[in-house]
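See structure below.
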Ligand SMILES: *Cc1c(COP(=O)(O)O)cnc(C)c1O
Ligand SMILES: [Zn+2]
């Protein structure tokens with residue numbers, strides 16, 4: 001038994017630390033409860049610093065770290081005196097060293113370690129981009145096998161900052177398959193003994209890994225912010241940020257407030273926004289995401305396209321928004337395009353699309369009076385620095401090992417073929 005317990009938020013069932021994703025009794029999220037109430041940073045180069053609040057036994061040895069800095073350019077432009085930017089990407093002069101350029105890397109390093117500690121020897125993940133790249137990178141660094149399933153459209157995002165290794169099994173699906181088909185195939189592969197699903201929002205290793213962005217930010221700011229801005233797809237990152245602040249509030253050194261979650265979705269696809277604005281705890285697909293497939297085709301930030309976010313379940317986004325008196329924003333592609341240019345000009349670093357949506361939400365919040373000029377504001381740039389990275393290091397392409405026809409592909413054949421490679 002380690003220094004933490006994993007408990008169900010609804011029925012309170014306490015699980016021994018280990019490979020647990022679902023409560024036996026209900027649909028609630030599980031949460032980690034750490035015996036260290038006060039976060040003592042470990043002497044480690046990257047995420048390992050936050051070991052007290054990570055659900056792994058061994059201290060992570062990755063050098064990867066997010067970083068937070070006080071904004072000057074954007075802050076002045078918006079008339080804000082305490083605007084901080086959490087940069088989960090590559091900006092080494094500020095200390096941000098996520099070489100796959102998104103906050104998915106925070107969860108990938110943590111989850112890979114968790115897999116081995118739970119007795120798994122491989123992990124399977126379906127993704128349309130940043131998650132796939134982050135897990136491929138974690139696989140290259142640890143040698144742990146990763147089965148990564150992507151639609152053909154995602155291949156262009158499958159690059160790495162290190163040479164790809166044989167432990168990366170990139171599997172593409174024939175044209176006509178989408179993200180949902182990938183998820184289905186991944187679920188079938190996860191039934192093979194020893195191959196673990198990454199678990200999505202339900203996996204505490206993923207959420208607590210992502211929470212490191214908030215931990216790092218609060219330590220840099222010296223206090224829990226009043227507002228937190230982020231673009232959301234599943235909402236996992238926002239739930240993680242909220243949970244980090246619950247722990248930081250208990251810690252006692254950083255204030256006893258929670259940040260108001262101010263979250264952005266990419267119009268026209270915005271199921272969380274619509275359900276929240278209607279005051280509903282449920283997402284009703286016909287109302288909140290009619291013609292979802294068509295809507296998703298129109299959005300600029302494709303990683304914000306999850307059709308099944310953990311919204312209603314106990315401990316999910318509805319709870320996080322309620323607990324923090326949160327606000328949702330619907331942001332258009334054009335608004336985000338303008339915000340991207342503005343951010344890049346004023347802060348001097350390139351950002352990925354979702355960071356532009358978060359920035360656009362902040363601009364709107366200033367206009368609408370949802371933040372005050374002296375409030376402590378944290379803007380999470382969840383991805384960025386790719387242009388900057390390319391100046392510093394070589395980028396390698398990950399080649400797919402096979403293409404399968406669809407979600408009903410023969411799983412045993414896939415595994416045997418991959419193991420023979
Ligand atoms: C996945 C992703 C998001 C959305 O995060 P969720 O946890 O799915 O809400 C935002 N920004 C970037 C860069 C991402 O890769
Ligand atoms: Zn339960």
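Values in this text are rule-based calculations from the coordinates and carry no lab data. As the structure is a computational prediction, the values presented were derived from the model and not from experiment.
Rounded to the nearest 500, the helix-only mean residue ellipticity at 222 nm of the chain stands at -10500 deg cm²/dmol, with each DSSP H run of n ≥ 4 adding -39,500 (n - 2.57). Using a Gaussian network model of the chain in which every pair of alpha carbons under 10 angstrom is joined by a spring, one finds that among 125, 303, 366 the greatest mean-square fluctuation is at 366.
Using a ≥ b ≥ c from the Cα gyration tensor of the stretch 255-349 (square roots of the eigenvalues), is it rounded, prolate or oblate, where a/c under 1.5 gives rounded and otherwise the larger of a/b and b/c decides, a/b for prolate? Spell out each step's value before the answer.
On the way: a/c = 2.48, a/b = 1.14, b/c = 2.18.
Oblate, because a/c is 1.5 or more while a/b does not exceed b/c.
Over all projection directions, the Cα-based convex hull of the stretch 240-304 averages an area of 5.6 nm².
Hull surface divided by four, with the convex hull built on the Cα atoms of the stretch 104-207: how many nm²? Before the final figure, lay out each step's value.
On the way: hull surface 23.8 nm².
That works out to 6.0 nm², a quarter of the Cα hull's surface.
Distance from the Cα centroid of the stretch 356-370 to that of the stretch 393-421 is 42 Å (rounded to whole angstrom). In terms of overall dimensions, the stretch 260-411 has a Cα radius of gyration and Dmax of 18.0, 58 angstrom. Summary of the geometry: the stretch 76-111 and the stretch 246-272, compared by the centres of their Cα atoms, lie 16 Å apart.
Taking 391, 230, 113 as the candidate residues, the one with maximal mean-square fluctuation in a Gaussian network model of the chain, Cα springs under 10 Å, is 391.
Which log10 I(q)/I(0) values does the chain give at q = 0.08, 0.11, 0.12 Å⁻¹ under the Debye formula, counting every alpha carbon as one identical point scatterer? So the normalised log intensities work out to -0.39, -0.78, -0.95. The equivalent ellipsoid of the stretch 146-213 has semi-axes of 21, 17, 14 Å, largest first, where each one is the square root of 5 times an eigenvalue of the Cα gyration tensor. For the stretch 210-259, the normalised intensity computed at q = 0.15, 0.19, 0.23, 0.26 Å⁻¹ comes to -0.33, -0.53, -0.76, -0.96 (log10 of I(q)/I(0), Debye sum over alpha carbons, equal scatterers, no solvent). Computed over the chain with a Gaussian network model linking Cα atoms closer than 10 Å, the most mobile of 220, 88, 35 is 35.
Share of pairwise Cα-Cα distances greater than 17 Å in the stretch 10-49 is 50 percent (whole percent).
Taking the inverse of the mean 1/r over every pair of distinct Cα atoms in the stretch 34-109 gives a Kirkwood hydrodynamic radius of 13.8 Å.
Reported to the nearest whole Å, the Cα centre-to-centre distance from the stretch 275-290 to the stretch 135-152 is 35. In terms of overall dimensions, the stretch 130-279 has a Cα radius of gyration and Dmax of 18.2, 53 angstrom. The DSSP beta bridges internal to the chain are antiparallel in roughly 35% of cases. The fraction of all Cα pairs in the stretch 11-141 landing in successive 5 Å bins from 0 to the largest distance is 2, 9, 15, 17, 19, 15, 11, 7, 3, 2, 0, given as whole percents.
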